[in-house]
Each structure stands twice: as C-alpha cells, then as structure tokens.
Amino acid sequence: MSAAPTLVSEHTCFGGTQSFWKHASEACGGEMRFSVFTPPQAKHGKVPVLYYLAGLTCTEETFPAKGGAQRVAAELGLMLVAPDTSPRGAGIPGEDTDWDFGTGAGFYLDATQAPWNARYRMGTYVTKELPGIIGAHFPARMDREGIFGHSMGGHGALVTALREPGRYRSVSAFAPIGAPIRSPWGKKAFGGYLGPDEQTWREYDATELLRSGKRVPALLVDQGTKDKFLPDQLHPSFLKDACDAAGQPLTLRMQEGYDHGYYFVSTFMEDHLRHHAAALNAA
C-alpha cells in the first residue's frame with residue numbers, strides 16, 4: 001500500500017471537499033503535490049475518479065482554482081484528481097531556464113536522457129504511483145477511471161489513454177498538443193527528455209499512436225479559433241485526420257472566438273464533465 005499523503009489544506013466546496021496534498025514520490029524522486037475534489041456522494045460509497053492534467057507552467061492548484069469544475073462534479077458524483085505538472089526543485093541545471101521545458105513542463109512522459117531521467121518520470125507517476133495513492137487513501141472506484149486535460153495536459157491525457165488501452169472509460173481534451181512531433185513545444189521537450197532518436201518520440205504522440213493501431217473511447221476535443229498557439233503548436237487537423245483514418249470516434253469542436261486560456265476551458269468544462277459522467281456512471 002502506498003504511504004499516506006500529507007494534507008496541505010482542505011476546503012468545503014459544493015457539499016464536497018476540495019483538498020490539496022503532498023507526498024514523497026518514488027517515481028519522481030522527491031516531493032510531489034496533487035489536488036482532489038471529493039464529491040458529496042463519496043460520504044455514502046466510492047465514486048468514479050477523473051484525472052485532469054494541466055498545461056505548461058501550471059500546478060496542482062490551477063485546475064481547482066480556474067477550471068470551474070466542482071459544482072458540476074458535485075452534481076454528477078465525480079472525484080477530480082489533478083497532479084502537479086512536473087517535479088519541483090530537482091536541482092537539475094537549466095530546469096528553471098525556460099517556461100516550456102523543465103519545471104512545470106514534464107509533458108507526462110518518462111525521460112530517458114540524463115539528467116532528466118532521474119526525476120522527470122511523470123508518465124509512471126500519472127499512470128501508476130498517483131492512482132495507487134488515490135485507490136488506497138480516497139473513496140475512489142478504481143474500476144471507473146477517466147482522464148482529460150488542457151494543452152500539454154491535453155496531450156498527456158490523449159497519450160496516457162492511448163498507451164493504456166482499455167483502462168480509461170472516458171477521455172477528452174481542451175486545446176491539446178495533438179501532434180507534438182510537429183510542434184516546437186514537443187520537439188524541444190522530446191529532444192531534451194527522450195534524446196535525438198525521433199522514433200522514440202512517436203510513443204508519446206497521439207497522432208502517431210492512433211496510426212499505430214491504438215484506440216480509446218469516443219473522444220471529445222474543444223479548440224478555440226482565436227488560440228494564438230493553434231497554427232504552430234496544436235495541430236488538431238492532424239489529430240482529426242488520424243482519427244478519421246483509424247475509425248476512432250472523435251467530436252472535434254472548433255469554438256469561435258475563444259483563446260487558449262481558462263476562460264475558454266471553464267466555458268466548456270460542464271460539457272466535458274457530462275461526457276465523462278455518461279461513461280463513468282454507466283452500468
């Protein structure tokens with residue numbers, strides 16, 4: 001059983017509890033933090049769990065503070081779990097130099113290149129260590145997991161689900177980095193964390209995983225049309241083409257006038273939560 005996490009703070013919220021936690025992480029070799037919204041239904045039994053992966057520069061506090069998810073999650077009986085986006089204070093030279101690499105930019109993968117491979121193991125953290133803690137210490141139904149995220153976290157949600165076929169009952173994303181091997185963000189992160197062999201990068205690219213035969217439950221993706229990162233970084237058209245070719249169900253909604261931030265995310269949060277609840281609460 002995983003060691004019990006330490007409570008940092010706790011707040012009553014829509015009849016449930018918004019809490020923040022820290023713990024010693026084996027996967028990441030140091031302290032990691034995460035947040036949990038526990039809905040009121042958990043007072044009477046275990047509830048489905050929905051993981052949210054945040055984007056570049058964010059922390060475990062970003063989603064609870066800006067996402068606007070707790071009211072609807074309380075109605076639907078969903079536990080919301082949001083990890084930090086990288087290790088912090090790892091002592092690696094250059095980890096705080098750029099906003100899109102290192103601290104706050106773990107890309108939800110396991111680094112293979114020194115010195116990053118000692119601490120930057122967010123893939124293992126999100127798929128194994130964190131769920132182990134949630135299952136052991138929170139009233140979560142671990143047979144009913146869903147995953148979603150925003151930007152880098154949208155990439156993380158798609159890739160995590162594709163790499164763990166059959167595990168997640170529901171998947172969605174807000175403005176994901178849909179084809180990171182074609183994105184400056186992705187090229188920078190993959191080159192630093194995974195090395196120069198671009199074949200290894202394909203294992204963390206949703207478009208490439210779909211082309212290799214991986215599938216997930218029906219996807220919901222929202223993308224703002226005035227997102228400044230849309231032309232160069234996000235590439236939803238590559239994701240759509242890969243889904244179409246693979247027969248992967250995808251609802252891609254181009255939202256007129258919306259940008260990349262949490263005003264956009266919070267606007268469509270309820271749709272995403274209801275998308276997940278339909279699958280997670282199904283008999």
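Side notes on the structure shown:
- Residue that is farthest from Trp21 (Cα to Cα), among those in the stretch 46-62 that are open to solvent by less than 10 Å² (accessible area, probe 1.4 Å) and of a type in the set (A, V, I, L, M, F, W, C): Val47
- Leu7 surrounded by 22 or more Cβ atoms within 10 Å (Cβ to Cβ) and in a strand (DSSP E or B): no
- The numbered conditions (1) hydroxyl-bearing (Ser, Thr, Tyr); (2) in contact with a strand residue (DSSP E or B) (Cβ under 6 Å, 6 or more places away or on another chain); (3) open to solvent by 70 Å² or more (accessible area, probe 1.4 Å) are all true for Ser172 except (3).
- First in the stretch 110-135 and acidic (Asp, Glu), second anywhere and at pLDDT 95 or above, Cβ under 6 Å, 6 or more apart: Asp110/Arg121; Asp110/Gly123; Asp110/Thr124; Glu129/Ala27
- Qualifying positions in the stretch 16-36 - open to solvent by 40 Å² or more (accessible area, probe 1.4 Å) and assigned to a loop (DSSP other than H, G, I, E, B): Glu26, Gly29
- Conditions (1) under 23 Å from Val159 (Cβ atoms); (2) in a helix (DSSP H, G or I); (3) not β-branched (Val, Ile, Thr): number failed by Arg71: (1)
- If you check His235, His276, His260, His272 for being crowded, with 18+ Cβ neighbours inside 10 Å, farther than 19 Å from Pro180 by Cα and in contact with a Gly (Cβ under 7 Å, 6 or more places away or on another chain), only one passes: His276.
- The one condition in (1) open to solvent by less than 60 Å² (accessible area, probe 1.4 Å); (2) assigned to a loop (DSSP other than H, G, I, E, B) that Arg88 fails to fulfil: (1)
- Residue in the stretch 131-152 that is of a type outside the set (Asp, Glu), at positive phi, assigned to a loop (DSSP other than H, G, I, E, B) and crowded, with 24+ Cβ neighbours inside 10 Å present: yes
The values are calculated or read from the model by the stated rules, or taken from the named source; none is laboratory data. The structure presented is a predicted model; accordingly, all values stated were derived computationally and were not measured. All Cβ positions, glycine included, derive from the backbone under ideal geometry; neighbour counts span all protein chains shown. For accessibility, only protein heavy atoms count, side chains too; no ligands or nucleic acids. Shrake-Rupley method; radii C 1.70, N 1.55, O 1.52, S 1.80 Å.
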